[in-house]
Each structure stands twice: as C-alpha cells, then as structure tokens.
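Asker: One structure, as structure tokens, below. Some questions next.
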Amino acid sequence: MVKYNFKKIERKWQNFWEKEGFYQPKDFDKKPKKYILIEFPYPSGDGLHVGHVRSYSALDALARKKRMEGYNVLYPIGWDAFGLPTENYAIKKGIHPSIITKQNIAVFKRQLKSLGLSFDWTREINTTDPDYYKWTQWIFLQFFKRGLAYQAEMPINWCPKCKIGLANEEVVSGKCERCGAETERRTIKQWMLKITKYADRLIEDLDKVDYSEKIKTQQINWIGRSEGTEVDFKIADSGSSAKITVFTTRIDTLFGVTALVISPEHQLTETLTTKENRKKVKEYIEASKKKSDLEREENKEKTGVFTGSYCINPANEEKVPIWVGDYVVATYGGGAVMMVPSHDYRDYDFAKKYNLPIKKVVIPSALLHMTTNADTVASGGKAELRLEAECFVDDGELINSGNFNGLSSEKAREEITRFLEKKEAGKKSVKYKLRDWIFSRQHYWGEPIPIIHCEKCGIVPVPEYDLPVELPYVKKYKPTNTGESPLASIKKWVNVKCPKCKGKAKRETDTMPNWAGSSWYFLRYIDPKNGKKFADFKKLKYWLPIDLYNGGMEHTTLHLLYSRFWHKFLYDLKLVPTLEAYSARRSHGMVLAEDAKKMSKSLGNVINPDEIVKKFGADTLRMYEMFMGPFDQAINWSNQGVVGVFRFLNRVWQLQKKVKKDANQCRECETILHKSVKKLSEDIDNMKFNTAVSQLMILINEMDKEININLDNYKIFLKLLAPLAPHISEELWAQIGEKKSIHLEGWPKYDPAKIKENTFDLVIQINGKMRLVVSAPTGIKEEEAKELALSQERIKRFLSGKTPMKIIYISGKLINIVI
RNA sequence: GGUCCAGUGGCGGAAUUGGCAUACGCGCACGACUUAAAAUCGUGUCCCGUAAGGGAUGUGGGUUCAACUCCCACCUGGACCACCA
C-alpha cells in the first residue's frame, strides 16, 4: 500500500485539470448558469494570506458541487492591482510599481494554483492593464457626460510633514501612515461622483437582494437617510432677507430653540460677525481649522463663540443669538443647527458651558395622563425622574409651544411643518449622511482621469477613440510637495491639444481611487477580451446577476455600495440587464493568528499557506479552513487543527484497502450514507462547511467499522469528498478504475426512504428529565408508545406506584411522563 | 454614545418550527504495536459522588409537561459606525 503522497497527487491533477480546460464555462450553454464570485485579491508584497484561502476554498467547494449538479459555473479570478500599498512599497524599495505589481501577481498566481482552485484562468483580468482600465475610464466619461462626475473644492487629509495629500486609507487614527505626524484638513479641487443621487435607490433595492441582515443594516446606516424639516431663521435687524436654513428631525422642539449654531466653515460667518466679536470669532475659526480629525473626534467638549448677531425664530418671532461652534458638521444639513438644550444632549452641554437659557417644550406623555398616585407607581416613577431631568430627548407631548401645546411629538412635527410651509419659512426635507464620492487621488499608481482642461473650452472629456489614457511610465512617481499628482510634473504628457478647439490644453493629473477598478470588474469577467465594449450585452444577460458574492466584512460598506452604485448607473444607461449586480452576498470571518491577534509581519505570527501546502498538502489546508469554525465568524488559526484534518485524509487514503466490489450492503451503512448525502448537500449550499466536514468524519468512522466496504458506497463517499478535497478524491477515483474525472460526475442523490430507520430511539422523560432511551419501531402508535414506556422496569421504579398526571408524546421522538 | 452580533467542556465548536446538551475535531490519560521514539490503532475524557443519584449552556427572574433555543432585567466580550441635529 502506497503512502498518501499528496505532493505528487496534487501536482498531477492540477496539471491535468488545466490541460483539459475543465473549469472554463461556455457562454450561452444550455445548462443553467451559476456565477460565483470572490472579491479579487490585492496582490500585495506579503503574498497570499490564509484568509484568502478560507474564502476561495469555500466558494470553490460550492462551485465544484454546482458543476456536479449540472450547472454551467463561472468562477473567475483577477487582480485589483492599483493603489497605495504598491506605490509605497515601490518608493521604499526604489522599484517601479508596475514591476512590483508583476512580481506580486506572479507570486499570488503560483500560490493560488498550488491550491487546485477551479478558477477559469482564461478570464483572468488585471485592473492595471490598459485594456482593462480603458473601460474604467470609459465608464467615468459616461458619469461625466450625465453630470454625475464634477469638480468641487473638498477638504482632504494633509500631512504637514510629508507635504502631501493623503487618502482616508492612509490616515491611521488621525495620523499619517508613513511619518506618524498628525494630519490636517486642507481644501483642494477634487473630482466627485454623485452617489447621493442614488441614495434612495441604494436603500430601497436592498429589498430585492439576499444579503444578510447585518450587511443590509450596515448599508442603510452608512447611507443614513433621515426625514425631517428644513426651517429658515431670518437674520434680525439686517434689513435684508438674509436667512439661515437649518435641518432638524425634531421640529416639534422649535419653541425650545435658544440659539442657532453654525459651523466655522459656514458662508455667513463673516457677515454675521459684528465688529466687537470679530477678533474672537476669527481666532476660533483659525483654531478649529488647525484641528485634525483626531482632535475633533477626541475632544468631545462642545466649544463655540458668539457672533454678535441674532435671528428670528419663525415659530414665535423670538430673537435668537447666532453662535459658531465646531461641533456642527459643515457638510451636513447646511452646516447649521437650531440649538434646543432641553431636548438634545449635545445642545445641552453647549448651553451649560455658555450659560444659555434652557427652555422645556416637550414632556413625557405618561405625565399628562397621570391622575392618581397609583399611576405614578405603575409608570415606574421613571416619568417623574425624566421630568426633573433638564434634558429629555425622547418623544413626548408639547408644552410652552403656543397653539401646538398638548400635541404628541409625532403629530406636532407634522403640524409645525405644515405651519412653516404656509408661512414659507420651511419645508419637509430628507438628508443623508452619505456624501458624494471623492474620486480624485493625487498619486501615481492609479487610472488617469480622462479629462483635458482647455484654456478656452474649459473641461473637455478625452474622446472615446483616444482611450485609454495610458499611465505614463516614469521614474518619479513619488507624491509631490505641492499636493499635486506626480503626473503634473511630466510636461510631455500633461501638455496636449484640446480635442475640441486644438488650442493649448493640459491633462487632468489626478488619478482614480483604488475603488474604481473594483466597481465593475465582475462585468469584465463575463467578456474579458472584448475590444469594442466593456462587455457584450447578450453575454451579460446570460451570466448576470451574480448568484453568490463572497468577501470580507470590511468591504460591506464602501466597495459594495460603490459597485452597486456603478451597476445601477450602467443599468440606467441600458448597458447592463440587471438592477442589482449581486443577488446574494455573504461575508467570511477573519482568520486570526493562534494568539487571537491579527496576523502581521511585525508580530511574527503570520501563517504562510505555502508552508502548510508543503507539509500537509493543499487538500488538508483547504479542508482544515472549512472545518475550523462557522464560515462567517472570525477564528484563530490552530496548527493542531491542521493535523486533525491531515489524519482524516490519511484515513481516507487507507480506506481503499477495504473496498470490495461485491461486499455486502449493510443497512446501517446505507442509512448513514444517505443521511450524509442529505447533510452534505444542504450544508454546502448553506455555507455550513464546518458541519459538512464533520459529517464526512462521522461517515468514515462508520464505514471504517466494516471489514469490507461496498464499492458503490465508496464511490458515493468520494463524490461527497470531491468539492472539499478535490485532489485526493480525484486520485482515489482514478485508482478504482474510473476513466472520467470525478469532478465531471453527477452529485449523489439521497433516497428519503433509505434515511428512515426501522427503529428509533424513544426518549422517556419523567417530569422533563431524561430517564431512559428505548428502541421503538418507527411507525409506533401513541398508545403503544405509552404502554411501552410504562412497562419499562426502570420507569416503574421511578413512578413507584404513582399514577401519572399527564403523558405527553411527541411522535418519533419522546415521551414525557408528568407526576 | 449609537447600531448589530455573540457568551455552551481544558480548546475550536455541534445541537433552532422548544423535545437525549456537549456531535465532529484538538488536547489529555491509559493501553496495543516498537529495543525506543514518532506515526498508527484501541479505550476513556462536562462537574460532584464508590454507587444510586444530583448539578451544569454568562447572571437573576419568567413562560412551558419540557428552555442552549422564547420573554424581561443585568453582566461580559466582539464588530461596525461615531458630534449627521
């Protein structure tokens, strides 16, 4: 008997599968299609992470099972290769990013191939390939043509030491990722994509897809839709019609306003500030500009300064002082809030600090209906406590609010909004936390934004026939000191003729963010070599939507939202056939180190998949990662656990000795086999890989008890194993003389009749406590079961002559005798 | 601070229309094989108790014939968001 030589076996079958082109699906095949997608990797210098292996092995098992079930399966792979880590690494090592990228991809490719994943390598894509980013740029131009891409002055993170603009990803808790200096805010002209236009649809269409509730809530929270009222406060004594518009979800507290607070960035700060206050206000604004995000976040104390001006509360014509405070977010709701200290904690803090009046206008509803002492007790005395509190933030009933007294908060919001609308001093409004997407990066390693700035014509898009705008190969790709993209210094590339007037013009030098290429890559897989379109519509129609998309939890907000946005945009242009790209999304948990920390080079706790493959083989690595725990939960790596799976595969290898063509079929074996078919079928579909593996272990424990194993049973076992351990099952399949690959075989079906056993274990409980398990025939009647239970010696002893009060019988399961 | 999720042996975990708690694996102990070790195989392994029996799924309460599972309160841990008016 030859030893389990995984090295030899795995290499042999990987070559065979590749040569035969096993995993290349045909477009328009008559078989039903399945498009299974994993987030394509970022080929970093660290090489493949065992976390990649977890996700890819899981979806590979699913893909393989679906093929066996007769589906035409697309399971593609590619590289998301533009971006900062590569650029930084290139700067550090002095090697050009394009070379680094090539090297990294080569490493990743070798590592992935050593795992025997059933990717269709003929559809491999690379976001840094001009043939690919041509279409990324083309899609950007479509955004531009429809007014969804525009330029705006936007604050960015600025590192004062490195003198460069940083992307959010480069700012680690308020500090520059490279030098550790605290970052500041600076305003720069940036390209923006109008994702906010799609905000409502991005929420609503979540109803049409199968994402886990967690993911849906995250998306909804991120978009942060809130319904409220916009209300105008006229500036007092200005003689003009100047006003400040504020947004509030609590218009029911309008009568409680004791100040208006505007953000330091607000346009009117200058004009509102009176002479006496000018110096103080200016100082305050300067100070808050210098504050980094970190400081703004850490320092939760509300500060502000009085401008000297007043405005008029449209509800009661009261004069209200206007303050400037940096706790007001400039980019949300117009950058101004009405301050109601009695009903908002932040406003309360602010009012306390500056001794502003606190006016109560909402009280807990329970209080109004309280007539007797008994009621006070019934409401837990809580209402009383809340009345005493100076700040009550819940809904209640209105007081001190003129005509609106006695209304519930909910009703009052409607009534007051209507009142303001009549007065033309306000209206219903919806606001979002979601901002438009800052689409510019002042970095080298990204897709150039295909725009030309002409002295005469202004912003001119690069004509489509000139695409792609290739990223020039240059020696200097370091970010510049001016905050401009390094591309700006390449005069030859920058200076061009205007496509419209042929006059003097310059190229846009900003590049796209890392998210650009990944916002549509799943479409390119469908038609990766098309030179005329980003993908053929008929092919898109055949393959879309993606049936299952898996990736990390860290991408469930940004990447998922961005790509859904692009897809909807393309749908509106009738360029893709589906409203949503992904009909189902699942996320896998992180693989942590044995010490429960994140794997990192500096901690020296990284597990290199290569080493596991070398020592135990790809099948062991893959199956261990499936077995380690629930797929969607974070889990610690365990070297001991790997050994357990390796032992299992060795037992599988040994099993062939016992296989006899005409071995007897035993009833127990048949039952457990069919049960296992059922379990594996369901578990793999439901992504419960850990229990799927455990069932295979249970099955082998059972089969191994026999002296001889029936060949047909053995074949079924190998088929069940095939998606999870594709190499060993293929090898053993060939060794029993099968000519066709096991991966082209049909997925086994189970016979419900064979799962049913002749007898079952009847559990007998007394007062809910398990006392005895007896074997009973499957079809036993209730009366018979009761008799059987009561006739047991042990049960009689427990009853000791007492008559049961009640006997509960659950068919096929248990009897509970209540005494 | 908000939202969501979780808490079961020495460890990873299993068990959901409420019905045998601890499947499967790891670890550990003992045994077989071996000159020996590794590997492999076998047996045992929640706690207390010689046993009969009793106790145990973060804590306390509730519903039920029956609760890891449902309800209420609390404790602990994690993830994401975080001054969004």
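Asker: Multiply the residue gap between A:Leu573 and A:Gln735 by 0.36 nm, knock off their C-alpha separation, and tell me the result in nm, one decimal place. List each step's numbers first, then the result.
Answerer: Numbers: separation 162, 0.36 × 162 = 58.32 nm, distance 5.46 nm.
Stretched out fully, the A:Leu573 to A:Gln735 stretch lengthens by 52.9 nm.
Asker: Another one. For labels at A:Glu301 and A:Tyr345 in the simple 7 Å Cα→Cβ model, what's the distance in nm?
Answerer: If labels sit at A:Glu301 and A:Tyr345, their model points lie 1.9 nm apart.
Asker: Compute the length gained on full extension between A:Lys319 and A:Lys92: take 0.36 nm times their separation in residues and subtract their Cα-Cα distance, giving the result in nm to one decimal. Don't skip to the end; give the middle numbers.
Answerer: Details: separation 227, 0.36 × 227 = 81.72 nm, distance 6.01 nm.
Contour length minus the Cα-Cα distance gives 75.7 nm.
Asker: OK, next. Out of A:Val496, A:Leu575, A:Pro472, whose Cα points farthest toward the positive end of the dipole of region A:437-583 (charges: +1 Lys, Arg; -1 Asp, Glu; placed on Cβ)?
Answerer: Result: A:Val496.
Asker: Which sequence of A:Glu410, A:Glu283 reflects their accessible areas, 1.4 Å probe, from the largest down? Please report the intermediate quantities before stating the final value.
Answerer: On the way: A:Glu410 125, A:Glu283 100 Å².
I get A:Glu410, A:Glu283, largest accessible area first.
Asker: Still on this structure, please answer the following. Based on the mean of other Cβ atoms within 10 Å per residue, sort peptides A:261-269, A:739-747 so the most packed one is first. Before the final figure, lay out each step's value.
Answerer: On the way: A:261-269: 19.9, A:739-747: 14.4.
Going from most to least packed, we get A:261-269, A:739-747.
Asker: To the nearest 20 debye, what is the magnitude of the charge dipole of region A:400-504 about its Cα centre, counting +1 on the Cβ of each Lys and Arg and -1 on the Cβ of each Asp and Glu? Mind showing how you got there, number by number?
Answerer: Values: 21 positive and 12 negative charges, 68 e Å.
Once rounded to the nearest 20, the dipole reads 320 debye.
Asker: Take A:Ala287 and A:Thr759, extend 7 Å from each Cα along the Cα→Cβ direction, and tell me the distance between the two endpoints in nm.
Answerer: That separation, rounded to one decimal, is 8.6 nm.
Asker: What relative contact order, as a whole-number percentage, does chain A give when Cα pairs under 8 Å and 6 or more residues apart are counted? Write down the numbers at each step before the final one.
Answerer: Details: 1423 pairs, mean separation 115.5, N = 819.
Dividing the mean separation by the residue count of chain A yields 14 percent.
Asker: Say the dipole of region A:217-271 comes from +1 at the beta carbon of Lys and Arg and -1 at that of Asp and Glu; which of A:Ser263, A:Ile223, A:Thr245 then lies farthest toward its positive end?
Answerer: So the residue we want is A:Ile223.
Asker: About the Cα centre of region A:38-137, what is the dipole size in debye to 20, counting +1 per Lys and Arg Cβ and -1 per Asp and Glu Cβ, all else neutral?
Answerer: Numbers: 13 positive and 10 negative charges, 60 e Å.
That gives region A:38-137 a dipole magnitude of about 280 debye.
Asker: What number comes out for accessible area per residue over chain A if the probe is 1.4 Å? Units Å², please. Before the final figure, lay out each step's value.
Answerer: Values: 38890 Å² over 819 residues.
I get 47 Å² per residue for chain A.
Asker: I need the peptides A:555-566, A:92-103 ranked by packing, meaning the mean over residues of other C-beta atoms within 10 angstrom, with the highest value on top. Walk me through the numbers on the way to the answer.
Answerer: Working: A:555-566: 20.6, A:92-103: 14.9.
Going by the mean number of other Cβ atoms within 10 Å, highest first, we get A:555-566, A:92-103.
Asker: How high is the FRET efficiency between A:Arg278 and A:Lys532 when r is their beta carbon distance and R₀ equals 60 Å, given to the nearest 0.05?
Answerer: On the way: r = 62 Å, r/R0 = 1.04.
So, using R0 = 60 Å, E works out to roughly 0.45.
Asker: Continuing with this model, one more query. Could you please state how large a percent of the accessible area of region A:650-789 is carbon and sulfur, counting protein chains only and using a 1.4 Å probe? Don't skip to the end; give the middle numbers.
Answerer: On the way: 3260 of 6760 Å².
Percent of accessible area from carbon and sulfur atoms in region A:650-789: 48.
Asker: For a test of the definition: using alpha carbon positions, the gyration tensor, and the 1.5 limit on a/c, classify region A:219-349 as rounded, prolate or oblate. Write out the running numbers ahead of the final one.
Answerer: Details: a/c = 1.67, a/b = 1.04, b/c = 1.61.
Since a/c reaches 1.5 but b/c is at least a/b, the shape of region A:219-349 is classed as oblate.
Asker: If I take the Cα coordinates of chain A and project them onto the principal axes, what are the three extents in Å, biggest first?
Answerer: Principal-axis extents of the Cα atoms in chain A, largest first: 103, 87, 49 Å.
Asker: On to the next question. Hey, if we sort A:Val107, A:Val281 by accessible area with the 1.4 Å probe, largest down, what's the order? Before the final figure, lay out the partial values.
Answerer: Values: A:Val107 60, A:Val281 5 Å².
Listed by decreasing accessible area, they come as A:Val107, A:Val281.
Asker: Going highest first, how would you order A:122-129, A:50-57 by mean Cβ packing within 10 Å?
Answerer: Details: A:122-129: 19.5, A:50-57: 23.4.
Highest to lowest by the protection proxy: A:50-57, A:122-129.
Asker: Let me ask something additional. Rounded to the nearest 20 debye, what is the charge dipole size of region A:735-786 about its Cα centre when +1 sits on each Lys and Arg Cβ and -1 on each Asp and Glu Cβ? Let's see the in-between values first.
Answerer: On the way: 9 positive and 8 negative charges, 25 e Å.
I would put it at about 120 debye.
Asker: If I model a spin label at A:Tyr354 and A:Ala596 as a point 7 Å from the Cα along the Cα→Cβ vector, what separation in nanometres do I get?
Answerer: Placing both labels 7 Å beyond Cα along the Cβ direction yields 4.6 nm.
Asker: Hey, another quick one. Tally Lys and Arg at +1 and Asp and Glu at -1 over the other residues with C-beta under 14 Å from the C-beta of A:Gln190: what net charge comes out?
Answerer: On the way: positive: A:Arg185, A:Arg186, A:Lys189, A:Lys194, A:Arg435, A:Arg441; negative: A:Glu153, A:Asp436, A:Glu484, A:Glu508, A:Asp510.
It works out to a net charge of +1.
Asker: For region A:90-224, what % of the accessible area comes from carbon and sulfur atoms, probe 1.4 Å?
Answerer: On the way: 3060 of 6060 Å².
Whole-percent figure for carbon plus sulfur exposure: 50.
The values are calculated or read from the model by the stated rules, or taken from the named source; none is laboratory data. Everything numeric in this text was worked out from a predicted model, so none of it was measured. A quick note on method: Cβ atoms are made from the backbone with ideal geometry, for glycine too, and the neighbour counts reach across all protein chains shown. For the accessible areas, the whole protein counts, side chains as well, though only heavy atoms, and no ligand, DNA or RNA atoms are used. Shrake-Rupley method; radii C 1.70, N 1.55, O 1.52, S 1.80 Å.
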